[in-house]
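Here the structure comes first, spelled out in structure tokens, and everything after it is commentary.
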Amino acid sequence: RTARRSPRRDRFWLCRDEMAPVANGGLTKAVLSASESDSEATVGGPSGTDTETESIASSRSAERNRRKKERKRASKKALAAQRTAILGRAVGADGGSADGTAAGEGIGNGVGDDSHAEGAASSALGAVEVEYVSQQPVEEMLASDELKEFIQAFSRFRTPEELTGQRAVDEAEEGRSTKQEAKAQADGADGEGEADTSTSKKQKKMMKRLTIAELKQLVSKPEVVEAWDVTASDPRLLVLLKSTRNTIPVPRHWAQKRKFLQGKRGVEKPPFQLPEFIAATGIEKIRASVMEKENAKKLKGKMKERMQPKMGKIDIDYQVLHDAFFKFQTKPRMTRLGDVYYEGKEHEVLLREKRPGHVSEELQKALGMEPGGPPPWLVNMQRYGPPPSYPNLKIAGLNAPIPEGATYGFHPGGWGKPPVDEFGRPLYGDVFGTVGGEPEEQLASSLTREGWGTLEEEESE
């Protein structure tokens, strides 16, 4: 098989590689030998056709590489000649130097290597100075009113002479040195010298912000101002919304770092308690007795009860249930408008039923007050005045007369010293009870205080 296939394979590759010689006219020996019959092919060793093909391919590649090198060399020489001409003109204008001239002649004549030429070019370029000259406005442009506006606009920009001249370099170096000095002074441990006067956006924002005292002076209800209200975009509007009636506040836990109700984890929840009007029916006692009987039964009785349950174990009179839900039912405690639950609300003391100035019996016992005696804070009120939060509150011994049988003094059970001025006149109210009561409002003769919605009594027949 190998002897039969190898001549065909050789003829294919030879024909492809030798298309150019055939087109130019004339057949080579390799092409003629490849066209012989298959029977003349030999099995062992490479044929003469293969050797000639390889030699032709190698000669072509060598020729191709040689031409490529020549083109590169020619381009380098042309570039070097251009550089030499430019440098020769520049050096000739400035007087030149011996080294520059020699380098230029060497490059022009093709003497010396590329590194030497590049070194000479860089040294010559260092001596070249470029001067930029900008076009000044013509007198015709200055005479025109329309073009004057453009001249004023362009005069705000720096000219090329200023940008490329020594002035710009000096200014840049001066600015750089100033920044370095300021930074060194700011970072110094002794803190001497002046720091950078530039202000950041955050510092500007803090400077424009109102303080809490200033905000309280600007609003009508300063008691609703909180510490974080000054950080709002419009603090006065925020305080106005908070002080408006029936405004629902934001829940308190909005500013907390931890999660909502995180502190109630692990707290035992109290069992549910029935309302008082339902517990009054005795349902808890009846249910407890039934459960006790159920627990006392054995397993056999429980299984029998499951298969044959008995009804009517908890039987309550219908009238008792009716009265509980329709007579004695009480309304559950409801939250007020805008009242939102927050953590720890259930532990706070309810102050709905508390009135200012009223001292309960429990508080009197806790303070050790005698029955009908003065409160322990009366002496401080007589010295500093009544509480400003309750200007209309009447306090005995301060702005109201003391009870009958009581006396002023600092003995046990005494009511202190009445607050009077240097002439003996009361400061805060009728503390001695000498002033008569306020006169009643006199109504017109045509007006009465009787209710206008009273029903007339029906006459009996």
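The values are calculated or read from the model by the stated rules, or taken from the named source; none is laboratory data. Fair warning: this is a prediction, and the values are worked out from it, not measured in the lab. Cβ: placed from backbone, ideal geometry, glycine included. Neighbour counts: every protein chain shown. With ligands, DNA and RNA removed, areas are computed over all heavy atoms of the protein, side chains included. Shrake-Rupley method; radii C 1.70, N 1.55, O 1.52, S 1.80 Å.
A compact table of results
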| quantity | calculated |
| --- | --- |
| Residue that is among the charged types (D, E, K, R), at negative phi and open to solvent by 60 Å² or more (accessible area, probe 1.4 Å), where the choices are 345, 259 | 259 |
| Residue match in the range 339-361 (condition: touching a residue at least 40 places away in the same chain (Cβ under 8 Å), under 30 Å from residue 252 (Cβ atoms) and aliphatic (A, V, I, L, M)) | yes |
| Any chance residue 451 is modelled with pLDDT under 85 and within 20 Å of residue 356 (Cβ to Cβ) | no |
| Some residue of the range 273-280 being part of a loop (DSSP other than H, G, I, E, B), in contact with a helix residue (DSSP H, G or I) (Cβ under 9 Å, 6 or more places away or on another chain) and farther than 30 Å from residue 311 by Cα | no |
| Members of the range 285-333 found to be farther than 30 Å from residue 353 by Cα and assigned to a loop (DSSP other than H, G, I, E, B), listed by number | 297, 298, 308, 309, 310, 311, 312, 313, 314, 315, 316, 317 |
| Top-ranked residue in the range 368-386 [being assigned to a loop (DSSP other than H, G, I, E, B) and touching a residue at least 24 places away in the same chain (Cβ under 8 Å); ranked as nearest to residue 427 (Cα to Cα)] | 385 |
| Meets criteria (touching a Ser or Thr at 6+ places or on another chain (Cβ under 9 Å) and outside any helix (DSSP H, G or I)) for residue 356 | yes |
| The range 219-252, residues that are over 25 Å from the mean Cα position of the chain (by Cα) and among the aliphatic types (A, V, I, L, M) | 219, 224, 240, 248 |
| Matching residues in the range 232-264 - criterion: being assigned to a helix (DSSP H, G or I) and not basic (Lys, Arg) | 235, 237, 238, 239, 240, 241, 243, 253, 254, 255, 262, 263 |
| Residue match in the range 328-337 (condition: touching a residue at least 12 places away in the same chain (Cβ under 8 Å), of a type outside the set (Phe, Trp, Tyr) and within 30 Å of residue 228 (Cβ to Cβ)) | yes |
| Residue match in the range 349-359 (condition: on the phi < 0 side of the Ramachandran plot, β-branched (Val, Ile, Thr) and within 50 Å of the chain's Cα centre (by Cα)) | yes |
| Qualifying residue in the range 387-405 (condition: modelled with pLDDT under 85, farther than 27 Å from residue 223 by Cβ and open to solvent by 70 Å² or more (accessible area, probe 1.4 Å)) | no |
| Odd one out for residue 322 among (1) out of contact with any Pro (no Cβ under 9 Å at 6 or more places or on another chain); (2) open to solvent by less than 80 Å² (accessible area, probe 1.4 Å); (3) modelled with pLDDT under 90 | (3) |
| Any chance residue 364 is without any contact (Cβ under 8 Å) to a residue 60 or more places away in the chain and more than 24 Å from residue 434 (Cα to Cα) | yes |
| Criterion: open to solvent by less than 60 Å² (accessible area, probe 1.4 Å) and closer than 30 Å to residue 329 by Cα - qualifying residue of 289, 243 | 289 |
| Scan of the range 387-420 for residues that are under 21 Å from residue 434 (Cα atoms) and either hydroxyl-bearing (Ser, Thr, Tyr) or not in a loop (DSSP other than H, G, I, E, B) (or both), ordered by number | 396, 400, 407, 408, 409, 416, 420 |
